[in-house]
Each structure stands twice: as structure tokens, then as C-alpha cells.
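Colleague: The following block contains the structure, expressed as C-alpha cells.
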Amino acid sequence: MSGSVILAGLGLVAVAVAGRAIVSAGKVIQQNASKIPTPSLSAYYRGGFDIKMTRREASLILGISPSATKPKVRQAHRRIMLLNHPDRGGSPYIAAKINEAKDLLEKNAKGK
């Protein structure tokens, strides 16, 4: 009988120690949660499309400089269209905007 009382007491102590460890671990996680870096999308353009596309917007869509050469424009267009083509599940609207950006930048670009 006394053996079962001792085992019950040891069980309660084990539960208390485990509970205290969980609570203190939770506090540590909560204190350090603000130090964990969150993924930032600041490198991407935030906002919708302009009514009439500008060179700045076209360069943001393709991810190149507004003064890029024709080969750079074509290379950027190809890279982005491979990822966003409607035949591969991309949006037809986004594909149209990518093509519009390419046409606008190619029209004013220097080079071959």
C-alpha cells in the first residue's frame, strides 16, 4: 500500500516538473518570437497596374532597368513568361501585361 502511494507521489512530481518545463519553454519561445525574421516581400513591387503602362512599370514587371538593351529585355521576358505562361497555369492577364511591358521597352531600347 505504501508503495503505491509513493508511486502516485512520484507520478505527480513528474507531471509537475514536465508542466513547469513546458510553461518555461513557452515563455522562451514567446520572448524570442519577435527576434525571428519574417520573410519580406519588399523586393517586389506592391500595387496594381497603371491604366497606361509606363517605362518604369514595364521595367518593374520584367525586373530590369528601364534603359536595358533589347537582348536584356528579351531575356527577361523569356524568363518571366516561362513562369507565368497561361499554358502552364499562369494568368492570361499577367501574361498580357508581361508582353505589353516587353513591347514598350523593346520599342525604345537600344541594341540589336
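The values are calculated or read from the model by the stated rules, or taken from the named source; none is laboratory data. None of these values were measured; they are calculated from a predicted model. Please note: Cβ atoms are built from the backbone with ideal geometry, for glycine as well, and neighbour counts cover all protein chains shown.
Colleague: Among the residues of segment 27-44, is there at least one that is within 30 Å of LEU105 (Cα to Cα), in contact with an Asp or Glu (Cβ under 7 Å, 6 or more places away or on another chain), modelled with pLDDT under 90 and exposed (fewer than 11 other Cβ atoms within 10 Å of the Cβ)?
Modeller: Kept after step one, since they are within 30 Å of LEU105 (Cα to Cα), are these residues of segment 27-44: 40-44.
Restricting the remaining residues to those that are in contact with an Asp or Glu (Cβ under 7 Å, 6 or more places away or on another chain) gives none.
No, segment 27-44 has no match at all.
Colleague: Right, another one. Scan ILE80, ILE64 and give me the residue that is assigned to a loop (DSSP other than H, G, I, E, B) and under 19 Å from GLY48 (Cα atoms). I'd like the intermediate steps shown before the answer.
Modeller: Numbers: ILE80 fails: assigned to a loop (DSSP other than H, G, I, E, B).
Unique residue meeting the criteria: ILE64.
Colleague: Any idea how many residues of segment 83-112 are part of a helix (DSSP H, G or I) and within 19 Å of ILE64 (Cβ to Cβ)? Write out each step before concluding.
Modeller: Step one: filter segment 83-112 for residues part of a helix (DSSP H, G or I), giving 83-84, 86-88, 92-108.
Narrowing the set further to residues that are within 19 Å of ILE64 (Cβ to Cβ) leaves 83-84, 94-108.
Counting residues in segment 83-112 that are part of a helix (DSSP H, G or I) and within 19 Å of ILE64 (Cβ to Cβ) gives 17.
Colleague: Return yes when ALA68 is in the same structural domain as GLU100 (by TED's automatic domain parsing) and modelled with pLDDT of 80 or more and no when it is not. I'd like the intermediate steps shown before the answer.
Modeller: Details: in the same structural domain as GLU100 (by TED's automatic domain parsing): yes; modelled with pLDDT of 80 or more: yes.
Yes, satisfied.
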